[in-house]
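Data first, discussion second: the structure below is written as structure tokens.
The values are calculated or read from the model by the stated rules, or taken from the named source; none is laboratory data. Remember, it's a predicted structure, so these values are computed and weren't measured experimentally. All Cβ positions, even for glycine, are placed from backbone atoms using ideal geometry, and neighbour counts span all protein chains on display. Side chains included, ligands, DNA and RNA excluded: accessible areas come from the protein's heavy atoms. Shrake-Rupley method; radii C 1.70, N 1.55, O 1.52, S 1.80 Å.
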Amino acid sequence: MGLSENKICYDVIAERVSKIIMGNMEPEALHYADHQGIKSFREEIANFLTEQTASTNPVNADHVIVMNGCCSVFATLATALFDPGDGYLIPTPSYCGVYPQMCKYADLRPVHVPLQSKAFSGEIHAFQLTIQKLEDALQIARVQNIRVRALVLLNPNNPLGTIYSQELLLGCLQFAHRLKLHVIIDEMYMLSIHDDTPFTSVLSLKEVPDPQRLHYIWGFSKDFAMGGFRCGVLFTMNKEVKTAVTQLAVFHQCPVLVQHILTQLLFDKDWINCVYLVKNKKRLGESYRLMFNGLAALGVPVLKSSAGLFVWADFRKFLSSPTFEAEEELWQSLVKAKVFISPGKSYGCCEPGWFRIVCSFPKEVISIGGRKNQATSMFFHGKADNEA
Amino acid sequence: MEREHELRMFTVFAQMVSSLRADSSPDFGLVHGLQMADRWGEDSKLMKGKASARPPSNPSPDPDNSPERISPYLSKRGNRISNFYNIMNEGYIAYVADKYDEDKNPNGIVNLGTSENKLCFDLLSKRLTQSDMHQIDPPLLQYPDWRGHPFIREEFARFFTYYCKAPAPLKPENVIVINGGGSLFCSLAAVLCDPGDGILIATPYYGAISMHVMLYSNVRLVPVHLESRMTGSDTRPFHLTVERLEKSLQDAKMEDVRVRALILMNPHNPLADVYSPTEMKDFLEFAKRHELHVIVDEVYMLSVFEETAQYHSVLSFDRLPDPQRTHVMWALSKDFAASGIRVGSLYTENQDVLSAVAQLAFLHGVPGPTQHKVAQLLRDRDWINQTFLQTNRARLKAAHKYVTDELKELGIPFLNRHAAFFVWADFRRYLKTLSFEEELLLWRRFVNNKVLIICGKAFECCEPGWFRIIFSDKTYRLQLGMQRLQKVLKEVEQEMQSEDKLLLSQLDAECKADIVEETVLHPSSQEKAPGLDGLIGLLKRQMQSSDWLQKHTVEQFAQDNPEVFEVFSRLAGK
């Protein structure tokens, strides 16, 4: 339950993909292809994004680059936009435990914008991002002599599962524009929303202050549960950025065979909208509620969220001390009990005791995980009681 | 007759000199006045003049000092990457925009430039669409081990053991599978080198490697220039020897470049040479002496279509001189004619290198379903041996014969080899002057005439005039491509002949004028001043057309006119 993969709809996806694979193979499937992705696939992606994000303007296929995963998209973008040692602002907790890995070629420094569990005045809920927090983090970066070049946002957020409001999104874009920062927005979970909270894609905003510095990432790994297929997409209207990224894209190409398969998948809008997304939302919702309630029964509060394949759970009261060492201890004992969940430290969370638990599993698996969790946490509960 | 020839050569020479003067600053320092002009012998140094200077060792402009185009949106590194240019890209872009298609676009560009095997799609598509290929197990849809699923690494280890004829079974834990040869060069450069470091490579070489090592890691290739002219113990043109490797390494050290590795390609691209085991061992020993890593690219190892060529993989050696620094690359792109499938592998015993590359491998992932297909393919030894390899090699051999026969007809010299997909051919006689500018002009003419072949500059060849021609394509495309090449070459030949006539007639007219000094001092008085390049070319052709030089040597002149010679020597010494 540590790796964020959607295993809930494997049957639905596998069935649809198998039908496509049985088809004929074209010669171009085995030849060198356009590094940015074949035209027909980019056009299909452009149509797909236009529809699913309710974009203000239709997405142009010439502004789209296809690569073998969103990590590659981020790595190439970062290499082109940043010099070695440069930094980017990222609200934490965030999928940035892995971001430094993506920076192996690029050699970057994430500048955390720490969010807390306690909601302060003006904030609607815990772990909320505000512009003031961005300003504060930028100030600290300046003092440390880190040249910040961009703001990176994940919406819906990983690991929190929360969605940015339209006002907040705009506020972030305006903040970035003021400081001439690039904005990289990763909307990889945009179709993995399990309740009815409205989602505002950045592409649907009517007025983007600096379109030349806005770069959009999406991929098949989460929303289509196909992490093994290796396909991620960059959309940017900045020609110069696109040129630089396309040079690097040669090392991260999505094979033509895969592009053909996915083209056909996207083309089948009926299947996507009426079969897959409906089932996916329903099953994600069920699993989320199961996990939420199960954890509540164990006395583990969970941050209320709308999206993603996981929950953000509060294990603070099970820590022997409010430290990251204690968090690690708890994590180790859970691993020994064969329950693998991710500790908050790996997301740069500034408070020890939070864990991300992936719930995009069939119900049976969650129950087993829940039982194991119960046994372990009762042990800790007991321990905490004793020490109290 | 001889005097006329003498006057003609001298006049051309004098025009060249004045052309140089016209371009240079006033105090050029050339001898003024007529007295010397009329009693000059030839300048033997000029006559032995080399072809234009060697190309710089990096194909791209030096970006940290003067990028061609600076974008305010990109970092310095981003601008360097954006400005990286290779002529292969230009050719490929032109081709993609105007692809030849028998029915839909018969006037499109025939691609005899990109090294792909288009001869076996029938065999491959049949095998790749069989039912055992269509498997969608859950693990294939999910994140894999970034080194490659265990099943594919086992398959690669078995495959290499058999086809490389390894003396002992090779281990799956020494294998990493990522998305293609380019990514292998890219990640190896990142883990073996630091920014600014160098990797030795013999020229001509497959030009894209510069990009692979430079883009992310800012590593440069250090060329070991090979020439077509055989000297000393050379047994073939462009002969790589340990002496040449040693010299280039020393030169690099003098320029403060830290060389970390050596790249060897066997079979070679673009020469199609197959190195003998002795040669390979010598190169590996050289590397060991200097503690250099060796990246051995064997991507064409199964595409040797003549038994007599006797190919040996380094993995077949009983003992490697430095196994911890020997890293072997192979990919499906060439030998299985599947460049679009993006699968390559690294074999090395060095666990540090493997771990480091594995860290980067998640950026170069191969899709699960593709890994399954490739493993199925590699496992099917019967199909490989009985269906695929035999037919593929026979087709390659026939296509090679077709193109080389055509080249013979045209009287174009080429390296006659029996591996890979291309022929390295000598087009020097079609260059008006032996320069890269002329080579590029010829290349552009080919492209404008809708046939793409790659010019030597793209391979960092130090001699202009060489081109690589692909033959691994269907006969009708080869036919059309060769016809289009021939058309351009005939045009060039005719132009050169009529230019010679024109220049000669101009010179004849001048010879009849009684003052040579006018030509020296007022080159602009001519209505159409021939360019310097054109004059050099004409001079050379004039030299070739008579034995005047053999008769009129510097020594002879010194003997005949000692006082004049003394004055000349003093002035020339300035």
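Probe radius 1.4 Å, ligands and nucleic acids left out: which of A:D270, B:D251 has the largest accessible area, and how do the rest follow? Mind dumping the intermediate values first?
Details: A:D270 110, B:D251 65 Å².
Accessible-area ranking of A:D270, B:D251, largest first: A:D270, B:D251.
For a test of the definition: using alpha carbon positions, the gyration tensor, and the 1.5 limit on a/c, classify the range B:240-373 as rounded, prolate or oblate.
Details: a/c = 1.93, a/b = 1.28, b/c = 1.51.
Because a/c hits 1.5 or more and a/b fails to exceed b/c, the range B:240-373 counts as oblate.
Based on the Cβ-Cβ distance from B:D137 to B:Y162, what FRET efficiency comes out when R0 is 22 Å, to the nearest 0.05? Efficiency computed from Cβ-Cβ geometry: 0.25.
Computed from backbone phi with θ = phi - 60° and the Karplus coefficients 6.51, -1.76 and 1.60, the 3J(HN,Hα) list for the range A:74-82 is 5, 4, 5, 4, 4, 4, 7, 8, 10 Hz; x is used for glycine and proline.
What number, in percent, do you get for the relative contact order of the range A:200-275 if the mean sequence gap of Cα pairs under 8 Å and at least 6 apart is divided by its residue count? Walk me through the numbers before you get to the answer.
Values: 42 pairs, mean separation 16.2, N = 76.
Reported as a whole number, the value is 21 percent.
Counting only DSSP beta bridges with both residues in chain A, the antiparallel share comes to about 50 percent.
Is the range B:452-501 rounded, prolate or oblate when judged by the Cα gyration tensor, a ≥ b ≥ c being the square roots of its eigenvalues, rounded requiring a/c under 1.5 and prolate requiring a/b larger than b/c? It comes out oblate by the Cα gyration axes.
Taking amide H as placed 1.01 Å from N in the peptide plane, B:L200 has its amide H under 5 Å from the amide H of B:V222, B:R260, B:A261, B:L262, B:I263, each at least 5 places away in sequence or on another chain. Could you work out the pair-distance distribution P(r) of the range A:220-308 from its alpha-carbon pairs, with 10 angstrom bin width and percents rounded to whole numbers? Values per bin, smallest distances first: 13, 30, 28, 20, 9, 1. Checking the Cα-Cα distances for B:K165/B:K474; B:K397/B:K490; B:K450/B:K487; A:K19/B:K126 against a 21 Å cut-off, the pairs over it are B:K165/B:K474; B:K397/B:K490.
Modelled label positions at A:K336 and B:R319, each set 7 Å beyond Cα in the direction of Cβ, lie 5.0 nm from each other.
Here the alpha carbons of the range B:89-207 define both size measures, Rg and Dmax, at 19.8, 53 Å.
What does the average come to when, for each residue of peptide B:83-91, you count the partner chain Cβ atoms lying within 10 Å of its Cβ? Spell out each step's value before the answer.
Details: counts 3, 3, 1, 0, 0, 0, 3, 0, 0.
Counting other chains' Cβ atoms within 10 Å and averaging over B:83-91 gives 1.
With an a/c value of 1.5 or above and a/b not larger than b/c for the gyration tensor axes a ≥ b ≥ c computed over the alpha-carbon atoms, chain A is described as oblate. Going by accessible surface with a 1.4 Å probe and the largest first, B:R319, B:R158, B:R393 read B:R319, B:R158, B:R393.
What is the average number of partner chain Cβ atoms found within 10 Å of a Cβ in B:187-194? Provide the component values of the computation, followed by the final result.
Numbers: counts 3, 0, 0, 2, 1, 0, 0, 0.
Across B:187-194, the average partner-chain Cβ count within 10 Å equals 1.
Across the range B:274-284, rounded Karplus estimates of 3J(HN,Hα) from the backbone phi angles (6.51 cos²θ - 1.76 cosθ + 1.60, θ = phi - 60°) give 10, 6, 7, x, 4, 4, 4, 5, 4, 5, 5 Hz, Gly and Pro being marked x. Per residue of A:221-228, other chain Cβ atoms within 10 Å of the residue Cβ number 5 on average.
If you take the Cα centroid of the range B:400-467 and the Cα centroid of the range B:282-349, the two points sit 27 Å apart.
Listed here are the pairs A:K104/A:K133; A:K222/A:K282; A:K39/A:K281; B:K334/B:K408; B:K457/B:K501; which of them are more than 23 Å apart at the Cα? Provide the component values of the computation, followed by the final result.
Values: A:K104/A:K133 27 Å; A:K222/A:K282 16 Å; A:K39/A:K281 31 Å; B:K334/B:K408 27 Å; B:K457/B:K501 30 Å.
In this structure, A:K104/A:K133; A:K39/A:K281; B:K334/B:K408; B:K457/B:K501 exceed 23 Å between Cα atoms.
In this structure the amide hydrogen of B:V304, modeled in the peptide plane, comes within under 5 Å of the amide hydrogens of B:A420, none closer than 5 places in sequence on its chain.
With all protein chains in place and ligands, DNA and RNA left out, the 1.4 Å accessible area ranks A:L266, B:L480 as B:L480, A:L266, largest first. ³J(HN,Hα) across the range B:357-369 via Karplus (A = 6.51, B = -1.76, C = 1.60, θ = phi - 60°), whole Hz, x for Gly/Pro? These are the phi-based 3J(HN,Hα) values: 5, 4, 4, 8, 5, 5, 8, 10, x, 9, x, x, x Hz. A simple spin-label model places pseudo-atoms 7 Å from Cα toward Cβ; at A:E325 and B:D256 they are separated by 4.8 nm.
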